[in-house]
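No value in this document is a laboratory result; all are computed from the given coordinates. Please read these numbers as outputs of a predicted model, since none were measured by experiment. Virtual Cβ from ideal backbone geometry, glycine too; neighbours counted across all protein chains shown.
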Amino acid sequence: MYARLKTSKTAKHPTLQIVEGSREGGKVRQKVIASLGTIKNKEDLVRLSKIAESILQRLEKEGLILDKISLKNILHSKTVYDGFGMVVDKLAALSGFSSILKNAQGRKKFSITEIVKLIIAQRFHSPSSKLRTYERQEEHGHGEFDLQHFYRSMDAIEPLALQFQKQAFETAAKYSPLPMDCFFFDVTTLYFESIEQDELRDFGFSKDQKHHSVQIVLALVVDSQGVPIAYEAFKGNLAETKTFIPVLESLKERFSINKVTIVCDRGMSSKNNVEALQEKKFCFVLATKLKAISKKEKINDLSKYIELPNQEHFSKEDRVLVYTIPHPQYQETLLISTYSPHRAKKDREDRERLLEKLKEKLGDSSDESSVKKVISNNGYKKYTNVKEGSVLTLNQAAIDAEAAWDGFHGIAVSNNANLSVSDALARYKELWRVEEAFRVAKCTLKTRPIFHWKPHRIRSHVLICFINLFFERLLELLLKINHTPLTPDRIRQALIGVHTVMFIDNETQKEGKMLSTLSEDAQKIFKVLNIPLERATVLKPASCA
């Protein structure tokens with residue numbers, strides 16, 4: 001018998017209990033002998049601890065127990081967040097990544113597999129540098145690795161990036177409930193706290209507004225479930241449009257894919273890209289720039305539009321109108337232009353908000369200071385004119401021209417995709433998956449800023465972030481398939497709660513451990529990954545005496 005503190009999600013305060021532990025086969029069972037009361041403050045803990053100790057001493061004298069725990073002598077030693085390690089270990093096995101890591105081992109005396117899994121577990125827990133991971137390795141049950149082992153492991157896995165991506169594709173295809181016939185493509189930038197340029201780092205258009213820092217350009221491809229399957233790192237000054245075809249050519253060669261639809265935003269829809277897609281026989285759904293189409297087509301003439309079918313249950317403001325013609329700029333391509341009253345309202349409100357700020361900046365000034373107030377903001381420039389004497393005024397003609405396109409949006413769909421208008425729009429609408437993947441990678445998993453300087457280490461860091469994002473998305477997919485979906489934040493919080501508290505009896509110097517209970521979310525994760533649930537908040541009878 002022993003004493004334990006019992007916490008519950010439904011109870012505000014813990015309870016001190018007398019518990020009898022027994023082992024049945026390989027499982028530990030606990031039976032509550034007595035609940036001594038709720039601990040609301042330090043005084044309750046002292047009072048109830050004395051009662052517990054007195055009861056245990058009496059039972060020991062009667063020969064009913066052989067061991068006891070003296071709560072007043074227990075000191076916390078450390079907390080090991082082993083939930084992250086167990087989940088990463090299982091995901092590495094399910095994905096086949098463990099086999100790739102074993103191939104990187106060679107004759108090294110330290111375990112590359114364990115170090116990489118430790119780095120991923122730490123990034124799941126709290127993304128940090130490799131140095132910080134080395135310093136916190138005891139929090140994940142390790143302590144045997146030197147700092148150099150982390151960097152040497154990064155060097156060992158960097159040449160295997162294509163193998164990891166191929167395995168990611170095969171794993172996604174294995175577990176996805178949908179066919180792998182639609183990929184979503186997007187590009188972002190990752191900055192460095194540096195101004196030094198090299199073969200990979202350079203100045204360029206920064207999506208993080210870090211124009212005074214060097215960066216790299218990262219292209220990412222995800223499947224229809226949001227699982228990343230491929231990526232490519234480019235030099236920081238490369239234009240977005242020039243990343244598109246190299247990634248897709250590599251994708252086609254690596255995965256031996258036949259008919260697949262590529263979905264991406266209008267940043268990729270250059271004439272060269274569209275022609276290259278057609279030459280490579282890719283199906284595509286691309287956002288297209290309606291204002292770049294000849295005015296004689298009158299794309300923004302609402303009299304040409306009809307309602308999309310099956311919108312009877314929508315309000316008039318939520319109904320989408322559509323107009324289709326052969327794309328005036330691309331062969332064998334359909335132009336689908338849509339008009340949404342809801343989008344028109346948003347476009348109008350966004351412009352009016354910007355104009356209000358612009359008017360405040362201009363004020364009643366009639367000198368060059370009015371130019372200096374707004375010249376740095378590109379959003380203001382298109383609505384202004386510079387008159388003689390450097391006085392800035394509103395360009396009403398430009399404002400009216402912009403307003404004429406409120407609510408309109410267009411996509412270009414290749415004829416070989418054989419998609420209906422509704423299906424094509426639905427596929428484009430799913431582009432948020434890759435955008436969300438970037439948001440998770442950059443914010444939740446903190447891909448940026450990067451603190452490595454050598455190109456091969458930068459590529460290795462990006463690979464580790466890709467593996468991290470793939471594991472997170474794969475776990476989300478498995479939970480979704482199991483009808484127990486969890487968000488990335490809930491997954492992280494659930495795994496933080498799966499830990500082992502190490503303690504020492506200050507009087508006897510005996511060490512022990514106390515395993516956490518599993519929350520409802522943690523149980524969902526363990527069940528979907530087939531991790532045993534035999535964990536409970538217990539003090540092993542032999543731990544202290």
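Specify whether the C-alpha gyration tensor of the stretch 65-155 places it in the rounded, prolate or oblate class, a ≥ b ≥ c being the square roots of the eigenvalues: rounded for a/c under 1.5, otherwise prolate if a/b is larger than b/c and oblate if not. Don't skip to the answer; put the middle values down first.
Working: a/c = 2.32, a/b = 1.91, b/c = 1.21.
Prolate shape, in that a/c is at least 1.5 and a/b is the bigger ratio.
Rank these for me by crowding, Asp89, Asp198, Asp301, going from fewest to most other beta carbons within 10 Å. Let's see the in-between values first.
Working: Asp89 19, Asp198 14, Asp301 10.
Ascending number of Cβ neighbours within 10 Å: Asp301, Asp198, Asp89.
How big is the dipole moment of the stretch 460-531 about its Cα centre under a simple scheme where the beta carbon of each Lys and Arg is +1, that of each Asp and Glu is -1, and everything else is neutral? Debye, nearest 20, please. It would help to have the intermediate numbers written out before the result.
On the way: 8 positive and 8 negative charges, 61 e Å.
With only Lys, Arg, Asp and Glu charged at Cβ, the dipole is about 300 debye.
Work out the charge dipole of the chain with +1 on the Cβ of Lys and Arg and -1 on the Cβ of Asp and Glu about the Cα centre, then indicate which of Ala401, Phe470, Thr15 is farthest towards its positive end.
Positive-most Cα among the choices belongs to Thr15.
Relative contact order (percent) for the chain, with alpha-carbon contacts under 8 angstrom and 6 or more residues of separation? Don't skip to the answer; put the middle values down first.
Values: 886 pairs, mean separation 96.4, N = 545.
Once normalised by length, the contact order is 18 percent.
How far is helix 341-362 tilted off the main Cα axis of the chain, in degrees rounded to 10, range 0 to 90?
80
Which Cα, out of Ala437, Leu529, Tyr151, lies furthest along the positive dipole direction of the chain (beta carbon charges, K/R +1, D/E -1)?
The one lying farthest along the dipole's positive direction is Leu529.
Taking other Cβ within 10 Å of each residue's Cβ, how do Glu144, Glu139 sort, fewest first? Numbers along the way, then the final one.
On the way: Glu144 10, Glu139 21.
Final ranking by Cβ density, sparse to dense: Glu144, Glu139.
In the stretch 196-259, which GluC sites (Glu not before Pro) are in a loop and have at most 15 other Cβ atoms within 10 Å, using DSSP for the loop call?
Values: sites: Glu196, Glu199, Glu232, Glu240, Glu249, Glu253; in loops: Glu196, Glu199, Glu240.
Qualifying residues, ordered by number: Glu196, Glu199.
Once every DSSP H run of n ≥ 4 in the chain is given -39500 (n - 2.57) and the sum is divided by its residues, what mean residue ellipticity at 222 nm do you get, rounded to the nearest 500 deg cm²/dmol? Walk me through the numbers on the way to the answer.
Details: 18 runs with 213 residues, N = 545.
Estimated from H runs of four or more residues: -12000 deg cm²/dmol.
Given axes a ≥ b ≥ c from the Cα gyration tensor, I'd like to know whether the stretch 146-221 is rounded (a/c under 1.5), prolate (a/b larger than b/c) or oblate. Provide the component values of the computation, followed by the final result.
Numbers: a/c = 3.22, a/b = 1.35, b/c = 2.38.
It is oblate, given that a/c is not under 1.5 and a/b is not larger than b/c.
Choose one of Val247, Leu334, Leu160: the residue whose Cα lies farthest towards the positive end of the charge dipole of the chain (beta-carbon charges +1 Lys, Arg; -1 Asp, Glu; about the Cα centre).
Positive-most Cα among the choices belongs to Leu160.
Under unit Cβ charges (Lys, Arg +1; Asp, Glu -1), what dipole magnitude, rounded to 20 debye, does the chain have relative to its Cα centre? Write out the running numbers ahead of the final one.
On the way: 84 positive and 68 negative charges, 197 e Å.
Taking the Cα centre of the chain as origin, the dipole is about 940 debye.
Can you tally the net charge around Ala93? Count Lys and Arg as +1, Asp and Glu as -1, for every other residue whose Cβ sits under 12 Å from the Cβ of Ala93.
Working: positive: Lys90, Lys102, Lys117; negative: Asp89.
Around Ala93, the surrounding residues sum to +2.
Tilt of helix 241-255 relative to the longest C-alpha principal axis of the chain, in degrees (0 to 90, nearest 10)?
Its long axis makes an angle of about 60 degrees.
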